[in-house]
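Comments concern the structure below.
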Amino acid sequence: MLATQSHDEYMVAKLQSKKFRDAYVHGAFAHLEEGDTGAFLVALRHLVKAQDRGIAGAAEATEISKNGIQKMLREAGDPRLSSLIKVLRYVGYALDARASGR
C-alpha cells in the first residue's frame, strides 16, 4: 500500500528549499495583491509549519498564542497588521511597499 501525504505535509517538505520558498512567497504576495487574502494566509501557514518549531515556535517568537496563530492563518483569517508583520518576520520575510504604477 502506498503511503499518502497531505497537501500541507507536501508543501512543508517543498518549503525546505530556499529557492522554492522564495518563489512561493512571491506567489503568495501576488495573491494578496489580487485580493485573495485567503490564499496568502494559507501560504503563510505553510511557511510557519515549515519552520523547525512550526506553530509553537511562531507563538513563542511572536508572543501570539498558538490558538491565535492558527486562527489568523486560516483561509478565512483576518489578522491584525501587527500580527502579520510578526509572523512574516518569524518565517524570514517582511512586507515591502513599492509604487503600484497607478
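Throughout, read-outs are computed from the coordinates displayed, never taken from laboratory work. These figures come from a predicted structure and were not determined experimentally. With ideal geometry, Cβ positions are generated from the backbone for all residues, glycine too; neighbour counts draw on all protein chains shown.
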Residue satisfying all of: in the stretch 1-54; free of Cβ contacts under 8 Å to residues at least 12 places away in the same chain and of a type in the set (F, W, Y); nearest to L88 (Cα to Cα) among these: F29
When residues of the stretch 67-93 are limited to those that are without any contact (Cβ under 8 Å) to a residue 12 or more places away in the chain and aliphatic (A, V, I, L, M), the one surrounded by the most Cβ atoms within 10 Å (Cβ to Cβ): I85
Tally of residues being among the small types (G, A, S) and in a helix (DSSP H, G or I) across the stretch 72-102: 2
Count of the stretch 60-69 residues which are of a type outside the set (S, T, N, Q), more than 14 Å from L44 (Cα to Cα) and touching a helix residue (DSSP H, G or I) at 6+ places or on another chain (Cβ under 7 Å): 3
